[in-house]
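What follows is one structure encoded as structure tokens, with my remarks underneath.
The values are calculated or read from the model by the stated rules, or taken from the named source; none is laboratory data. The shown structure was predicted, so the numbers you read here are calculated from the model rather than taken from an experiment. Positions of Cβ are backbone-derived with ideal geometry, glycine not excepted, and every protein chain shown enters the neighbour counts. Accessible surface areas use protein heavy atoms only, side chains included; no ligands, DNA or RNA. Shrake-Rupley method; radii C 1.70, N 1.55, O 1.52, S 1.80 Å.
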Amino acid sequence: MTYDLLIGDRSYSSWSLRGWLLFAAFDLPVRVELNEMYLDSFHERLKAWAPARTVPAARASDGALWTDSLAIAEGLAERHPDAGHWPADPRARALARSITAEMHSGFTALRGTCTMNLRVKWEGFTPDEAIQQDLERLEVLWSAARAMAGKGPWLFGAYSAADAFYAPVAMRIAGYDLPVSDLGRAYVDAHLAHAPLRAWRAEGEAQDRTIPSYEMGLPTSPFPIG
Ligand SMILES: N[C@@H](CCC(=O)N[C@@H](CS)C(=O)NCC(=O)O)C(=O)O
């Protein structure tokens, strides 16, 4: 079985990052096709992946098509049960699925205001009340995962799909210098040191495209991955 994955710009597309990590962090080879987001060619190319309308989208060589990151997680877990997308323990697996689904459907203030940008660190960003509530919720979920399964650095011991889904939020915490607990900081640092994520970011830097709508109008310093 081989796979193709359609992604957007690595520096900005948080959903693409999740989708790609579901392959790369689980040693599943995938052929990647990048299309620069929001150009006419991006929307044009997506038509060939219909009914996909957004990235990521993944296609298997047997014709199966997943048009959403959570569907990619479940599709790969179903086809590669030993790859480790979900924890082996049923209770941990239930929690991992729950917090992954919550990331997929929630955290709208944090995700909406603090768009992922792997090109710079923003200086002087002040989180509003809604973002602070999202950060508090993150701590609740991360602590619950650790209490059930975790010796760290990952939420459920070994890297799981839950970590792939929380990787972009970890990048936002790093890139906007958002306040988190020591436990949260250690988790963010684990993502910053994660080899697949570093490789993804380096490729985004090599692409060297700035999308103006992702600019915050704040002073910047280098993004904290070397
Ligand atoms: N629910 C989707 C969300 C994907 C999504 O919103 N992707 C953005 C890029 S990060 C996109 O393709 N936007 C293009 C558009 O909305 O036209 C998933 O989890 O895969």
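Some values worked out for this structure:
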| read-out | value |
| --- | --- |
| Residue ID - most open to solvent (accessible area, probe 1.4 Å), chosen from residues in segment 1-31 that are in a loop (DSSP other than H, G, I, E, B) and out of contact with any Asp or Glu (no Cβ under 9 Å at 6 or more places or on another chain) | ASP27 |
| All positions within segment 42-61 that are in contact (Cβ under 8 Å) with a residue 24 or more places away in the chain, near the ligand (Cβ under 8 Å from one of its atoms) and open to solvent by 50 Å² or more (accessible area, probe 1.4 Å) | THR54 |
| Filtered residues of segment 62-82 (kept if touching a helix residue (DSSP H, G or I) at 6+ places or on another chain (Cβ under 6 Å) and either more than 12 Å from the ligand (Cβ to nearest atom) or part of a loop (DSSP other than H, G, I, E, B) (or both)) | LEU76 |
| Pair list, Cβ < 8 Å and 6+ apart or interchain, from segment 14-35 residues that are in contact (Cβ under 8 Å) with a residue 24 or more places away in the chain and within 13 Å of the ligand (Cβ to nearest atom) to residues that are polar (S, T, N, Q) and open to solvent by less than 20 Å² (accessible area, probe 1.4 Å) | TRP15/SER69; ARG18/SER69; GLY19/SER69; LEU22/SER69 |
| Residues (under 20 Å from GLY106 (Cβ atoms) and not in a helix (DSSP H, G or I)) located in segment 170-184 | LEU178, PRO179, VAL180, SER181 |
| All positions within segment 112-124 that are in contact (Cβ under 8 Å) with a residue 40 or more places away in the chain and surrounded by fewer than 17 Cβ atoms within 10 Å (Cβ to Cβ) | GLU123, GLY124 |
| Which listed residue is assigned to a helix (DSSP H, G or I) and loosely packed, with under 15 Cβ neighbours inside 10 Å, from ALA101, ALA96, ALA109, ALA167 | ALA101 |
